[in-house]
Amino acid sequence: MKWIQIMIMAIIAAMASGCDNGNVVIEQLPTTVATASGDYAIDYTFTPDPIPKNEHFSMQVVVTRKDGADLPEDFAIQVDADMPAHGHGINTAPEIKKLPSGTYQVDGLLFHMGGQWELYIDVMEGGIPDRATIPIEM
Amino acid sequence: MKPVPFFLSALLLWTVSCGKVRQTETSLGAGPITIRGITIPATNVLEILKLSPLPELPPNPTNQYADNEDAALLGQHLFFDSRLSANGEVSCATCHQAETDWTDQKPVSEGLETVTRNAPTLWNVAYQRWYFWDGRKDTLWSQALGPIEHPKEMGGSRLRSYLLLQSTEVYQSLYDKAFGPLPQLTSTSDFKDARPVAEDPSDQMHQNWQALKESDQEALNRVFSNIGKSMEAYQRQILSTAAPFDRFVDAILNWKEDDMDQLSDAAIRGMILFTGRGQCILCHTDSNFTDNEFHNIGLDRGERPLDQGRYPAIAQVKTDPFNGQGLYSDDTTLEANQALHYVAPKDNNLGEFKTPTLRNIANTAPYMHDGRFASLKEVLEFYSTLPDTPAIGHREESLQPLKLTEEELNDLEAFLNSLTGAPLNERLLKAPAI
């Protein structure tokens, strides 16, 4: 009768997580992160979401300064990711396309293993680097 | 008991497809299962269910002939034809022998000369993302071309391959049906071998290649790529069949208690280790038991020359004229070639080798890229103790000595033995009758 246990647990999980038009929303994680200095806020979305294991995915990043000032012309970002516990990162070089209003399209990301990843968004303004880190459990 | 199949299927579908979840489906959880007194924890159950069955064979848009029957038949002929080699004695089947699960059972292979790596099995080869132990090819059709021209393997050339098609009526007929008429060369020559040898322009084969008209070079490249595409069409049929493990998973999904004995107690315990404390599924993941990527597991140099593995292969695959974004690909779009387009060399690629499938693994000894381990027990003992200093680069740090007991080693081996399916249809194991 183990299947009954499983069914009960799943029903409880479903009730706890909620369901909207057939899409179960289990845990809405924050999609904004600040850089280490706190000077920049970064909103991000993944495509697809959730991130599929061992398949390419994209993200869109919107960077805003906390002081409300516009981003200067020389402002740039880089994106990379690591598995700190494994001693390696991703095997791809993501491509970044600058869009209007502090928005960046990032393509070519791939998390090839399950486990704890750290996704890094490195920002650079006036030669000064700053970093936002997004922890992701695959 | 009947609701279980629907329920588990629904649970799986739900967990993998629904929701705004950054974490994986293990967030949901499922109940443990107890079989003959052995409890499989809930987290293991979810992982186990992902390991079977094999999904539908993925398409390869870079080869529009990948599922063409005439191309597959031509590829099967060529796979077993040693006339592609310089001495007429080496074929693809020399190292990938059908009767020994597409291996040669040697630590490292012997073509015209002894090479430095083990011949990997071809089981489920069409599911792979990269080819060769170092991934220096990105498509199966492109991979097939490498050994034909490798001076230590078959030592042939694209001209020799063309001449073989031209001189063999059944080959020419199949080529015509699959690809259209075999082009006629306009250069006059009396040599049998010609290919570009960029690393040594003084090589006679390169000299011969240079003597050909550019239009003939182009025609030969096109025919050669089609030969590779025909071999891919054949090899796409080398698919593992259901193993006891698959029947066990099916028994769980459909709650067929009578079929729970497909796995022995030892194999069930091994399966729990494999999907749990052993962390084997970090790399041997999904139903082909591979992540199709590369890892440095910390093997020492052994008795072979230093092998850098994945790192230099990335530049090779990016510049290969027969890659998926090259002139001879049938789909050069980014969508069809994301892996090739985005891959980039990283320091951690040094000393990495591709994760092999574990399907039919009990039949494909010896193991590792250089065939250093003669048995599964030796492989498992390596992972249990991790005794080596890596030959180059650094070991994947998630690997820690498992310190397995003798019983645990036996359990894991029993599980790996449960991944062996039935042989393929006899029709695919030899050259077709002419």
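No lab work stands behind these numbers, since they all come straight from the coordinates. Everything numeric here is computed off the predicted structure, so don't read it as measured data. Ideal geometry is used to build each Cβ from the backbone, glycine not excepted, and the neighbour counts take in all protein chains shown.
Express the C-alpha Rg of segment B:158-290 as a ratio against the empirical globular expectation 2.2 N^0.38 Å, rounded to two decimals.
Normalised by 2.2 N^0.38 Å, the Cα Rg of segment B:158-290 equals 1.80.
For segment B:69-238, how big is the tail of P(r) above 20 Å, as a whole percent of Cα pairs?
Tail of P(r) above 20 Å: 50 percent of Cα pairs.
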Original post:
Taking each residue of B:33-41 in turn, how many C-beta atoms of other protein chains fall within 10 Å of its C-beta, and what is the average?
Top reply: 1
Original post:
Relative contact order for chain B using alpha-carbon pairs under 8 Å, separation at least 6, rounded to a whole percent?
Top reply: 22
Original post:
Can you count the Lys pairs in segment B:69-238 with C-alpha separation below 29 Å, eight or more apart or on different chains?
Top reply: 17
Subject >> Candidate lysines for bridging to A:Lys98, where Cα separation is under 24 Å - those fewer than 8 sequence places away on the same chain excluded >> reply: A:Lys66
Original post:
Sorted from fewest to most neighbouring beta carbons within 10 Å, what does the list B:Lys50, B:Lys403, A:Lys66 look like?
Top reply: B:Lys403, A:Lys66, B:Lys50
Original post:
Kirkwood hydrodynamic radius of chain B from all distinct Cα pairs, in Å?
Top reply: 23.3
Original post:
222 nm [θ] for chain B, helices only, -39500 (n - 2.57) per DSSP H run of 4+, per residue, to 500?
Top reply: -11000 deg cm²/dmol
Subject >> Approximate spin-label separation B:Lys256-A:Tyr120, in nm, with each point projected 7 Å along Cα-to-Cβ >> reply: 5.1
**OP:** Determine the sum of side-chain charges near B:Cys95: Lys and Arg each +1, Asp and Glu each -1, restricted to other residues whose C-beta is under 9 angstrom from that of B:Cys95.
**Re:** -2
Original post:
So what is Rg over Rh here for segment A:31-137, counting just Cα atoms and using Kirkwood for Rh?
Top reply: 0.96
Original post:
What's the exposure ranking of A:Ile136, B:Ile33, going from fewest to most Cβ atoms within 10 Å?
Top reply: A:Ile136, B:Ile33
Subject >> Residue exposure sequence - B:Phe322, B:Phe373, B:Phe245 - by fewest surrounding Cβ within 10 Å >> reply: B:Phe373, B:Phe322, B:Phe245
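How many partner chain Cβ atoms sit within 10 Å of a residue's Cβ in peptide B:391-400, on average, as a whole number?
Working: counts 0, 0, 2, 2, 2, 5, 6, 8, 2, 0.
So the per-residue partner count for this stretch is 3.
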Subject >> Which of A:Pro100, A:Phe75, A:Gln116, positive extreme of dipole for segment A:31-137 (C-beta unit charges) >> reply: A:Gln116
Original post:
What Kirkwood hydrodynamic radius do you get for the protein assembly as shown when you take the inverse of the mean 1/r over all pairs of distinct Cα atoms, in Å?
Top reply: 26.0
Original post:
Semi-axes of segment B:375-434's equivalent ellipsoid from the Cα gyration tensor, sqrt of 5 times each eigenvalue, largest first, rounded to whole Å?
Top reply: 35, 19, 8
